[in-house]
Each structure stands twice: as C-alpha cells, then as structure tokens.
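Undergrad: Below you will find the structure I want to go over with you.
The values are calculated or read from the model by the stated rules, or taken from the named source; none is laboratory data. Bear in mind the structure is a predicted one, so any value in this text is a computation, not a measurement. Glycine gets a Cβ as well: all are built from the backbone with ideal geometry, and neighbour counts include every protein chain shown.
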Amino acid sequence: MVVLLGGWALYLSSKQIERNHRIQEEVSSLETEAIKIRRENETLSEKIQYFSSDDFREQEAKKKLGLKKSEETVVIIKPQPEQNKEGENSSVMKQQTSTDIGKENVPNYEKWWKIFF
C-alpha cells in the first residue's frame, strides 16, 4: 500500500513538474513577443516624430508639390547626352537597332539582343 501511495505521489509530482515546464515556456515566448512589440512601438514612435517634423513637411512640399521657400532659387540642370568613346561606330549601331526594332517581323528576342549587344 505504501508503494502504491508513493507511486501515485511520484506520478502527481511528475505531472506538476511537466505543467510548470509548459507554463515557463509559454511565459518566455510571451516575454520575447513583448520585447518585439516594444521595439516595433519604438520604431513607430520615431517615424511619427519624424513625419511630424518641419523638415519632413518641407521636404515633401518640395518633392511632391514643387514648392520652395521665398529665399530659395530653383535651378534645373539638364544632363547632356553621353558621348560614347567609339564615336561613329555607336551611332551606326544605334541607327541599325532603331530600324530593326521598328520591324514587326523580327522576334522580340532578336530586338533585345541587338539593343544590348
């Protein structure tokens, strides 16, 4: 009877230890998730702070609306066409590819091949 009672106590103790282990694993996973959420919140608060700053508003007004400050002067610089070292050779190739591209009976892969090579 004592052996049976001791075995039953060991069984209950092992179940309790297993339950405690599962609870501890769940707590640790929730702690890591909480840390992740804190980091995301910090990142979002930094973004909110940046988006509400005057620098961001000024940058967006310039970029999207084309606005400028009264003391600023806008200068537009047009890039010059690049000249190739090959000279006439490249212009001949450009003429050939442009005429070949216009042909409808040439397959697309040949048109791309002629453009790049």
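Undergrad: Does GLU33 satisfy the condition of being at pLDDT 95 or above, surrounded by 10 or more Cβ atoms within 10 Å (Cβ to Cβ) and among the charged types (D, E, K, R)?
TA: Against the criterion (at pLDDT 95 or above, surrounded by 10 or more Cβ atoms within 10 Å (Cβ to Cβ) and among the charged types (D, E, K, R)), GLU33 qualifies.
Undergrad: While we're on this one: Does any residue of the range 78-100 turn out to be among the hydrophobic types (A, V, I, L, M, F, W, C) and at pLDDT below 80?
TA: Scanning the range 78-100, I find at least one residue that is among the hydrophobic types (A, V, I, L, M, F, W, C) and at pLDDT below 80, so the answer is yes.
Undergrad: Which members of the range 103-117 meet the condition of being of a type in the set (D, E, K, R) and modelled with pLDDT of 80 or more?
TA: If the condition is that a residue be of a type in the set (D, E, K, R) and modelled with pLDDT of 80 or more, then GLU110, LYS111, LYS114 are the ones that fit.
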